[in-house]
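Novice: Submitted below is the structure of interest, expressed as structure tokens.
The values are calculated or read from the model by the stated rules, or taken from the named source; none is laboratory data. Because the structure is a prediction, the values reported are computed rather than measured. Virtual Cβ from ideal backbone geometry, glycine too; neighbours counted across all protein chains shown. Surface areas here come from the heavy atoms of the whole protein model, side chains and all, with no ligands, DNA or RNA. Shrake-Rupley method; radii C 1.70, N 1.55, O 1.52, S 1.80 Å.
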Amino acid sequence: MAEKFKLTIVTPDREFFSEDVDMVEFNTTEGEIGIYKGHIPLTVIVKPGILTITQGETVKNAALHAGFVQILPEEVTILAEIIEWPGEIDEERAKAARERAESRLSGGGDVDVVRAEAALMRATARINAAQLR
């Protein structure tokens, strides 16, 4: 059994999560990362995707969209711009957002490609998380 560490996730609106966990996994701009207690100190930038929290036999998932993570050997703090539990996601609205982003990317013209790609990643993360309910 893995040793536990403190995971705190905060947004500008609320404390989303603050409990002891065995492991946390999420996407960074450098790739996927899984963290256990004793990880080397590190600061990373979040890339939109699924955040997975493991607490013993319990696994919780959330859609994590943007933010920064401070990793210390005994604790991890995620400063998230947006994070949502699957039950908080309107899947139909996320699908509509995905379609808009895909349309912008395929339409050519005067499109801010970086913003459209980010919108597509956020919509995809929401849809994937919503399907994990």
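Novice: List pairs: first residue in the range 21-35 and under 13 Å from Ile71 (Cα atoms), second residue charged (D, E, K, R) and outside any strand (DSSP E or B) anywhere in the structure, Cβ distance under 9 angstrom, at least six positions apart or on different chains.
Specialist: Met23/Lys37; Phe26/Lys47; Thr28/Lys47
Novice: Name the residues in the range 73-102 that are surrounded by fewer than 15 Cβ atoms within 10 Å (Cβ to Cβ), at pLDDT 95 or above and under 22 Å from Pro12 (Cβ atoms), would you?
Specialist: Glu75, the sole residue that qualifies.
Novice: Restricting attention to the range 34-49, which residues are open to solvent by 30 Å² or more (accessible area, probe 1.4 Å) and modelled with pLDDT of 95 or more?
Specialist: If the condition is that a residue be open to solvent by 30 Å² or more (accessible area, probe 1.4 Å) and modelled with pLDDT of 95 or more, then Gly34, Tyr36, Lys37, Gly38, His39, Ile40, Pro41, Leu42, Thr43, Ile45 are the ones that fit.
Novice: Same structure again: Just to be sure, is Phe5 closer than 15 Å to Ala125 by Cβ and either out of contact with any helix residue (DSSP H, G or I) (no Cβ under 6 Å at 6 or more places or on another chain) or of a type in the set (Asp, Glu) (or both)?
Specialist: Numbers: closer than 15 Å to Ala125 by Cβ: no; either out of contact with any helix residue (DSSP H, G or I) (no Cβ under 6 Å at 6 or more places or on another chain) or of a type in the set (Asp, Glu) (or both): yes.
So Phe5 fails the test.
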